[in-house]
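Working notes for the structure below.
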Amino acid sequence: VQLQASGGGLVQAGGSLRLACVASGRTFSTFTLGWFRRAPGKEREFVSTISWRSGSSDYADSVKGRFTISRDNDKKTVYLEMNSLKPEDTAVYYCAAVDFPFGAAVSAEQYEYWGQGTLVTVSS
């Protein structure tokens, strides 16, 4: 399984970005995909997750109402739409995947495959 994340960049506070994670290498019908982030000097933290099969999703409290996760099965791509960005959203964002047909997975330890990160910088 290969995961390719993209879409990061520099944006002003209040702005928006859309991250994309393209998955390849397997059939993903039973997979759960997730986004995590690591801010400078901080631990990696959960951001959002989505079940490939059902589309059920979950979010960290810090991003609820601002971020939206979605998937395009035909393109094997998971998106993270980020709105109303704040400087504290600055981090390297990683997508991850696991063969887990039971819905959302919020713990990094549950994930088996990781993509390279994409840097999001939000200026104040």
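The values are calculated or read from the model by the stated rules, or taken from the named source; none is laboratory data. The structure displayed is predicted, hence computed values, not measured ones. Every residue, glycine among them, receives a Cβ derived from its backbone with ideal geometry; neighbour counts consider all protein chains shown. Ligands, DNA and RNA are stripped out before the accessible areas are found, and what is left, the full protein with its side chains, is counted by its heavy atoms. Shrake-Rupley method; radii C 1.70, N 1.55, O 1.52, S 1.80 Å.
Of the residues making up the range 8-24, just one is part of a loop (DSSP other than H, G, I, E, B) and open to solvent by less than 30 Å² (accessible area, probe 1.4 Å), namely GLY15. Picking from residues in the range 25-46 that are open to solvent by less than 50 Å² (accessible area, probe 1.4 Å) and in a strand (DSSP E or B), the one that is farthest from SER62 (Cα to Cα) is PHE31. Please indicate, with yes or no, whether at least one residue in the range 92-110 is assigned to a loop (DSSP other than H, G, I, E, B), open to solvent by 10 Å² or more (accessible area, probe 1.4 Å) and at pLDDT 95 or above. No: zero hits.
Please identify the pairs in which a residue from the range 69-82 that is at positive phi has its Cβ atom under 6 Å from the Cβ atom of a residue that is buried (at least 21 other Cβ atoms within 10 Å of the Cβ) and in a strand (DSSP E or B), counting only partners at least 6 apart or on another chain. Once the first residue is at positive phi and sits in the range 69-82, its partners that are buried (at least 21 other Cβ atoms within 10 Å of the Cβ) and in a strand (DSSP E or B) give LYS76/ALA23. Here SER54, SER62 are screened, and the one residue that is at pLDDT below 95, open to solvent by 10 Å² or more (accessible area, probe 1.4 Å), over 15 Å from CYS21 (Cα atoms) and of a type in the set (S, T, N, Q) is SER54. On inspection, THR49 does not qualify as within 11 Å of the chain's Cα centre (by Cα), at pLDDT 95 or above and open to solvent by 60 Å² or more (accessible area, probe 1.4 Å).
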